[in-house]
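Encoded as structure tokens, the structure appears first; notes follow it.
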Number of protein chains: 2
Amino acid sequence: MRSAVEQALSGISAGQTPFGACVVKDGRLVAGGHNVVWATTDITAHAEVHVIRKACAGLGTVDLSGCTIYSTCEPCPMCFSAIHWANIGRIVYGASIEDAGNAGFDELRISNSTLNDLGKAGIEIVSGVLKDECVRLFELWKQRPDHQAY
Amino acid sequence: MRSAVEQALSGISAGQTPFGACVVKDGRLVAGGHNVVWATTDITAHAEVHVIRKACAGLGTVDLSGCTIYSTCEPCPMCFSAIHWANIGRIVYGASIEDAGNAGFDELRISNSTLNDLGKAGIEIVSGVLKDECVRLFELWKQRPDHQAY
């Protein structure tokens, strides 16, 4: 999770939104990155989708069974579903979608029940890891004069 | 929708899964494509996500307000959420997720209620357009000796 936080900090420095993630397999970092929606003009480039794509490319497979994804924030349904399709069995996250909403990100347009509903698929979900540090990322991001949510 | 079907046919010919999509704005085709999960070793490259990325790149914006997305199959929650984030206000699709499941695609691991639940966000959804042609894509795909779902 510290690696995911560092990725988010890099993202903030680069003018991106404050979300970082990484994919780990057998204790080894497979892929890390941050949200690059603005940098790549790609609305799908949330941190989790971005690192899943990198992990697929790096490992040469679309099957990430046995991997864990760490994210500084609770995955949105797009990211959660991408995690599902990739066969990632474990999600560890820090801040909640509600925390992101409090920081100015759109959360209300997606049902709060969705993640739990999808969670029935059997993915292990660990929440609140390094939560204070992950929530603080939002504050650091808001201190940038050019910060912009979507 | 005919353009989306043609994209799916191209995908089948290229050894990909039988899903096509396109994004239209003001009656003009903005982006078209098919599922390229196998071609790009990217589990997130469903047809809808792929064309949203292309539309963002083509229009130079992450805001696809005013666009309609046509898909040969009902979007999965990943794609539906990507459509949501892109501010696309209208989805037109042919075959259902159940049809895809009948053809051998994994559908059971994601709750059937998810799409309707997310649908409360206010996206207009038109189903069953050219449904027979869209379902037939699955048959054409299964006739290929190298066909492979995921």
Touching a strand residue (DSSP E or B) at 6+ places or on another chain (Cβ under 9 Å), at pLDDT 90 or above and not in a helix (DSSP H, G or I) - does that describe any residue in the range B:105-125?
no
So which residues in the range A:21-39 are touching a residue at least 60 places away in the same chain (Cβ under 8 Å) and more than 27 Å from B:Ile83 (Cβ to Cβ)?
none
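Please tell me if A:Gly58 is more than 8 Å from every other protein chain (Cβ to nearest Cβ), assigned to a helix (DSSP H, G or I) and in contact with a strand residue (DSSP E or B) (Cβ under 9 Å, 6 or more places away or on another chain).
Values: more than 8 Å from every other protein chain (Cβ to nearest Cβ): yes; assigned to a helix (DSSP H, G or I): yes; in contact with a strand residue (DSSP E or B) (Cβ under 9 Å, 6 or more places away or on another chain): yes.
Taking the combined requirement at face value, the residue satisfies it.
Can you go through B:Ile52, B:Ile83, B:Ile43 and tell me which one is of a type in the set (Val, Ile, Thr), crowded, with 21+ Cβ neighbours inside 10 Å and modelled with pLDDT under 95? Can you show your working first?
On the way: B:Ile52 fails: modelled with pLDDT under 95; B:Ile43 fails: modelled with pLDDT under 95.
Only one candidate passes the filter, namely B:Ile83.
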Quick one: A:Ser96 ticks every box in (1) touching a residue at least 12 places away in the same chain (Cβ under 8 Å); (2) under 21 Å from A:Asp26 (Cβ atoms) bar one, so which box is it?
(2)
Any idea which residue in the range B:61-84 is nearest to the other protein chains (Cβ to nearest Cβ), counting only those that are out of contact with any Asp or Glu (no Cβ under 7 Å at 6 or more places or on another chain) and among the hydroxyl-bearing types (Ser, Thr, Tyr)?
B:Ser81
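Which residue out of A:Asp63, A:Asp42 is without any contact (Cβ under 8 Å) to a residue 12 or more places away in the chain and assigned to a loop (DSSP other than H, G, I, E, B)? First the steps, then the outcome.
Numbers: A:Asp63 fails: without any contact (Cβ under 8 Å) to a residue 12 or more places away in the chain.
Result: A:Asp42 is the single residue among A:Asp63, A:Asp42 that is without any contact (Cβ under 8 Å) to a residue 12 or more places away in the chain and assigned to a loop (DSSP other than H, G, I, E, B).
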Inter-residue pairs, beta-carbon under 7 Å, first more than 10 Å from B:Ile91 (Cβ to Cβ) and in the range B:112-139, second β-branched (Val, Ile, Thr) and modelled with pLDDT under 85, 6+ apart
B:Thr114/A:Thr114; B:Asp117/A:Thr114; B:Leu118/A:Ile110; B:Leu118/A:Thr114; B:Ala121/A:Ile110
The listed residue being on the phi > 0 side of the Ramachandran plot and within 12 Å of another protein chain (Cβ to nearest Cβ), out of B:Asn35, B:Asn87:
B:Asn87
Kindly indicate the residue of the range B:1-39 that is part of a helix (DSSP H, G or I) and in contact with a Leu (Cβ under 8 Å, 6 or more places away or on another chain) and also surrounded by the most Cβ atoms within 10 Å (Cβ to Cβ) among those meeting that condition.
B:Ala8
Please name all residue pairs, on different chains or six or more residues apart, with Cβ atoms under 9 Å, provided the first residue is in the range A:2-20 and is at positive phi and the second residue is at pLDDT below 95 and not hydrophobic (A, V, I, L, M, F, W, C).
A:Gly15/A:Arg144; A:Gly15/A:Asp146; A:Gly15/A:His147; A:Gly15/A:Gln148
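For the range B:70-86, does any single residue satisfy the condition of being outside any helix (DSSP H, G or I) and more than 11 Å from the chain's Cα centre (by Cα)? Give the steps one after another, and end with the answer.
In the first step, residues of the range B:70-86 are kept if they are outside any helix (DSSP H, G or I); the result is B:70-76, B:86.
If we keep only those that are more than 11 Å from the chain's Cα centre (by Cα) too, we end up with B:86.
Within the range B:70-86, one or more residues are outside any helix (DSSP H, G or I) and more than 11 Å from the chain's Cα centre (by Cα).
The values are calculated or read from the model by the stated rules, or taken from the named source; none is laboratory data. Since the model is a prediction, treat every value here as computed from it, not as a measurement. Using ideal geometry, Cβ is built from the backbone for each residue, glycine included, and neighbour counts are taken over all protein chains shown.
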